[in-house]
Each structure stands twice: as C-alpha cells, then as structure tokens.
Amino acid sequence: MKKWMVILLSIFLAVLIAGCSSNSSEESQSDDSSNSQDYAATESAGELKNKAEISTDASEQENNPQEKQIGNVSDRMVIYTANLSIQVNSYDDTLAFIQQELEKSNGYIVDSNSYSAEKDLVEGTLTVRIPQERFQTFLKVVEDGSTKVVDQSITGQDVTEEFVDLESRLKSKQVVEKRLLEFMEKAEKTEDLLKISTDLATVQEEIEQIKGRMNYLDNQVSLATVTIFIKEKKVNVPELENAELNTWEETKKQFMQSVNFLLQASSSIIVFFIGSLPILFVIGGLLIILWFIVKRKRKKQQGKPPTTLGE
C-alpha cells in the first residue's frame with residue numbers, strides 16, 4: 001500500500017512540475033514577443049527599411065533563383081547603333097527619300113545638318129531613330145538608294161542583366177515603400193513619423209530613379225540609332241538656255257553697241273579739237289611762220305645767177 005502511494009505521489013509531482021514549466025515557457029515567449037514589438041516600434045525607420053530590403057531580397061532569391069538567367073536570344077535586350085557613310089547623286093533627293101522611308105517605318109529624325117563642300121557639292125550628317133524590327137531593312141533600303149557605300153559599322157550593347165537587376169531593385173524598393181507606409185499608419189509619436197517620412201521620401205526618390213533608368217533602356221532598345229553621312233558626288237552638265245539663241249535680239253544689241261561706239265568716238269574727237277583750239281592755233285601759227293621762212297629762202301636761192309667754172 002505504501003509503495004502505490006509513493007508512486008502516485010511521484011506521478012502527481014511530475015505532472016505539476018511539467019505544467020509549471022510549460023506555463024513559464026509560454027509566459028517567457030509572450031514576454032519576448034511583446035519586447036520585440038516594443039523594439040520594432042522604437043527602433044529607427046532606417047533600420048526597419050534596411051531589414052525590409054534584406055528580407056525582400058532573400059525572399060526573391062528563394063522564389064526566383066534563376067531570374068537573371070535568360071537563355072533565349074530573342075529575350076535579350078540589345079541597344080543597336082549604326083554608322084553609315086554613302087555617296088549620292090543628289091543630297092536633297094536622298095534626304096527626301098530617307099524621310100519617306102522613316103514615315104513608313106514609324107521612325108524620326110533626331111538631328112540633321114548640311115553644308116556646301118568643294119565644287120558646290122552638298123554634304124551632311126543625318127541622325128535618325130528607327131524601330132529595332134525595321135533596323136536591318138532600313139539600312140538595306142538606304143544602301144540600295146545610294147550610288148556607293150563608303151563605310152558601314154553596327155554595334156550592339158547588351159543591357160539585359162542591368163534591366164533585370166533594375167526590375168529586382170524596383171520590386172524590393174516598392175515592398176519597402178509599402179512597409180514604411182504601414183509603419184507610418186501605426187506610428188503614434190511625432191519623432192517616429194518624421195523618421196519614417198524621411199526614409200519614405202528617400203525610397204520613393206530611388207524608385208523614380210530606377211523607373212527613369214528602366215524607361216531609358218527600354219527606349220534605347222526599342223529604337224535603334226542610325227547616323228548617316230551623306231556626300232554628294234555628281235557631274236554638273238550645263239543646260240541649254242534658249243534665251244542665248246535669240247539671234248534678232250543679239251543683232252539689235254550689237255548694232256546699238258556699234259552706233260554707241262561711233263557716237264562716243266565722234267564726241268571724243270569733237271571734244272578733243274574744240275578743247276585743244278588754243279594749242280592748235282599756236283602750233284598752226286608756228287607752222288605758218290616756218291613755212292614762210294622756208295619759202296623765202298627758196299626764192300632767194302632761185303633769184304641768184306648760176307655760177308660758171310671760168311669765173
């Protein structure tokens with residue numbers, strides 16, 4: 001009888017001790033959870049933001065371990081740029097032709113400049129944006145429309161990994177933004193509101209920067225950039241002008257020019273003689289006097305008797 005009493009008493013004590021220990025553990029867990037809530041409420045918003053970012057990145061890596069591994073070539077994001085140098089017969093006709101092709105392909109001109117080179121030939125540079133699916137076709141059409149392709153170069157920049165990384169960062173920042181908004185709704189102290197508002201503004205600014213970079217990359221990938229150097233090279237053949245073949249008009253013109261020449265010559269002679277009368281009178285008088293002297297000497301020589309040898 002005593003043995004059974006001892007056994008029952010031992011079992012009762014063991015159950016009592018186990019119940020007390022479970023109660024104490026539950027109380028300690030509740031105390032720990034309440035302490036963690038108080039700590040979360042009192043810690044800075046910046047620490048909450050960092051924790052949110054770390055947890056978000058970890059969850060994304062667990063859910064999408066191969067997110068950044070894109071196997072298909074068609075899924076790659078590549079920025080294409082091309083430089084093309086061509087010779088043409090007419091710069092204006094080529095420019096009109098390129099504009100027409102751009103309208104067909106939903107492209108547009110970014111920059112255009114031209115200048116006159118030697119022998120009055122026109123040269124210029126044209127920068128256009130063309131949808132990527134029409135990129136190769138557009139280059140082929142421009143080459144076929146030229147007389148000679150001097151130089152051509154095509155480059156591609158793969159930005160797939162950068163774009164995927166930006167997407168991941170954007171998702172992370174948006175989760176952080178959502179959590180900070182939740183913290184702001186639950187915050188009661190003015191100090192906590194100010195800290196959360198500052199961190200929220202920083203996160204939202206980072207989100208806008210990421211979105212801007214993603215939009216830029218998307219635009220660069222969607223539209224290829226083509227720079228075209230156009231050089232005009234042609235032989236200028238003078239045209240036949242019918243106005244120069246008007247014989248009657250040219251004859252009248254030549255006749256009037258001859259009459260004008262005679263009138264000008266006559267006028268010059270008249271002006272010369274009338275204007276030079278004083279000089280002419282003096283020269284004429286001297287010539288007359290000289291003529292009389294010579295004539296008189298001849299008469300004297302004629303009036304003398306001829307001389308003979310005997311004398």
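Computed extension length for Thr127-Arg296: 50.5 nm, one decimal, from 0.36 nm per residue of separation with the Cα-Cα distance subtracted. Between Gln174 and Lys253, residue separation times 0.36 nm minus the direct Cα-Cα distance comes to 19.5 nm. Could you tell me which of the pairs Lys173/Lys211; Lys173/Lys195; Lys119/Lys231; Lys140/Lys233; Lys104/Lys140 are separated by over 23 angstrom between their Cα atoms in the structure shown? Exceeds cut-off: none, every pair is within range. Going by neighbour counts of Cβ atoms within 10 Å, the residues Leu170, Leu121 line up, fewest first, as Leu121, Leu170. Ordering Leu139, Leu180 from the fewest to the most neighbouring beta carbons within 10 Å gives Leu139, Leu180.
Where a number appears in this text, it was derived from the coordinates with a stated rule and is not lab data. These figures come from a predicted structure and were not determined experimentally. For neighbour counting, all protein chains shown are included, and Cβ atoms are generated from backbone atoms with ideal geometry for every residue, glycine included.
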